[in-house]
1. Computed from the coordinates I sent, Cα extents along the principal axes in Å equals one of (1) 46, 42, 34; (2) 45, 41, 38; (3) 59, 44, 28. Tell me the label.
2. Which order, highest average first, do 17-25, 47-55 follow once you tally other Cβ atoms within 10 Å for each residue and take the mean per peptide?
3. Just check the stretch 101-170 against the gyration tensor rule for me: Cα atoms, a ≥ b ≥ c as the square roots of the eigenvalues, rounded for a/c under 1.5, and otherwise prolate or oblate depending on whether a/b exceeds b/c.
4. Is there a quick way to get the dipole size of the stretch 27-197? I mean about its Cα centre, with the Cβ of Lys and Arg at +1 and of Asp and Glu at -1; what is the value in debye to the nearest 20?
5. Report the full-extension gain for the segment Glu30 to Asp218: residue separation times 0.36 nm, less the Cα-Cα distance, to one decimal in nm.
6. Connecting C-alpha atoms closer than 10 Å in a GNM of the chain, tell me which of Gly105, Gly201, Gly136 has the biggest fluctuation.
7. Taking a ≥ b ≥ c as the square roots of the eigenvalues of the Cα gyration tensor of the stretch 133-175, is the shape rounded (a/c under 1.5), prolate (a/b larger than b/c) or oblate?
8. For the chain, what is the calculated [θ] at 222 nm in deg cm²/dmol (nearest 500), taking -39500 (n - 2.57) for each run of four or more DSSP H residues and dividing by its residue count?
Amino acid sequence: MTDLDGKTADGDGAAARWAPGDHILWRYRENAGDRVHICRPVTVVQDSEDLLAVWMAPGTECVKPVLADGTPLHHEPLATRYTKPRAVRRDRWFGTGVLKLARPGDPWSVWLFWDPGWRFKNWYVNLEEPRTRWSGGVDSEDHFLDISVRPDGSWRWHDEDEFAEALRVGLMDPEKAADVRAAGRAALKVIEAWGAPFSDGWQHWRPDPSWVVPPLPDDWDRTPAHVSS
């Protein structure tokens, strides 16, 4: 199993393909700066020209944003959630694991959730900046607005209040907000046509029982030397 330093960039700076079982970092930058404020070690399931699939196992040590005094973000009223000073904190992902699927260039990734006992719960379309690859993982920026999709194909928007507040306080401008809305509509066309990855049977996937939970490295926030899309 290859660790985070086991891959090198190729001649044009693009990260080499990862093999199943490799450990990489799935990271998000803050919306008003370049600092990484979310970092999740994951295990590669598939890495091809068409799809990057990774598994975040239960109990994974992650980094998440909190208010400067340690208050969880969702405990803060929405009106001040995005304006108060922030810090980051190490924590663990509890509950069942998450399978994340991302196609190159798509301004979203699709996450699969299960209830205990591997009973499939739902897909979750996370609207985000198309991911950039580097030797240790992928980086993106979350766009607040999301879509959940039930097993029967029905869907609904999520976090529209947070999206509106992010626009109000200047974490995105109106042009960017319009782009995010357009990305959401494009994702809905895929959902309503039941295209990939919804039609690909990923809800029946299971992790390799030999896989271990990847550790969170001390330099989880390092700046990549080279990135590619």
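1. The calculated read-out lines up with (2).
2. 17-25, 47-55
3. The shape class here is oblate.
4. 420
5. Between Glu30 and Asp218, full extension yields an extra 65.8 nm.
6. With Cα springs under 10 Å in the chain, the top fluctuation among Gly105, Gly201, Gly136 is at Gly201.
7. Here the stretch 133-175 falls in the oblate category.
8. -4500 deg cm²/dmol
Bear in mind these aren't lab numbers, they're just calculated from the coordinates by the rules spelled out. Worth saying up front: this structure is predicted, and the values here are computed from it rather than measured. We place every Cβ from the backbone using ideal geometry, glycine too, and count neighbours over all the protein chains shown.
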